[in-house]
Amino acid sequence: METGQRGATPRDIRDLSGIYGVTDQAQVAYMTELAKEGKQQGWWQSHDLDFAAYVDLEQAAMATSYYQSSIVPGLLQTVGYMRAMYSGGLPGEITPERADELMTVRFRRQEILTRETPLPLHTILDEAVLHRVIGGGATMAGQLRHLKAVASRPSVTLQVLPYAAGAHPAMDNMFNILEFDVVPPVVYVEGLMGWLYIERESEVARYQQIFEYLQNIALDPQETIALLSEIAVEYGSADLTVMNP
């Protein structure tokens, strides 16, 4: 059980609770339910994903904070943007069939933003994300409209870090902070050759400190919508209007 070769049974939970002095029956019941859920296969496990561990964490998270310097995060992408992203890989790296499957996975992941209890999501995008033309002008216009619509949800906070902000401590980084109910937060950093999960308390605190700093120097949500509108005009979509407070 300690090495992960098998999960905990309800009897394990009962016996271990007694050994460790857990007398709160509500807490014991909660842990027992977690053990039962741990035996259930997640919907994503049938798709042969090399990032399945991240999706597992994402589904369990209570809140997430994203900083992206080059692309729109997957949870906020439109179908046109997704398809352009997958077509931009190395020749033959992803087949059209696999791209369709990965897009299906991404759309399924996006459901956590619209479920009965939506996942709180705070995203900070570098302004470069809005100017990098992925899939052409029409695709980018649609993506900006989608960002505006998503940003109107109470559970979503969207900010843009403008060029005018100048140098900042996350210029060469992209990261996600995932927060949970009963376990410490985890930072996820994605790179060309793989993924890094940061759990050490001091290191996680450093990323949280940087995210808070970016939050303070970025445009506020209303200013962000205004910038989206301005850039959308460049893509021939002047109908993106500023939200009312």
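Taken together, the values in this text are just the output of simple stated rules run on the coordinates, not laboratory data. Since this is a predicted model, take the numbers as computed values, not measurements. Glycine gets a Cβ as well: all are built from the backbone with ideal geometry, and neighbour counts include every protein chain shown.
Observations on the structure shown:
- Viscosity 0.890 mPa s, 25 °C: Kirkwood-radius Stokes-Einstein D of the chain over Cα pairs, µm²/s: 122
- Residues THR23 and GLU190, FRET efficiency given R0 of 51 Å [Cβ-Cβ distance, rounded to 0.05]: 0.75
- Approximate shape of region 57-100 as ellipsoid semi-axes (Cα gyration tensor, √5λ), whole Å, largest first: 24, 13, 10
- A simple spin-label model places the labels of ASP56 and GLN209 3.1 nm from each other, with each point 7 Å out along Cα-to-Cβ.
- Share antiparallel - DSSP beta bridges, region 42-234, percent rounded to 5: 55
- Total charge dipole magnitude, region 1-40, about the Cα centre, Cβ charges on Lys, Arg, Asp, Glu only, Debye to nearest 20: 160
- Screening the chain for whole DSSP H helices of 15 Å or more along their axis (Cα) with average Kyte-Doolittle hydropathy at least -1.0 returns 25-38, 137-151, 201-217, 221-234.
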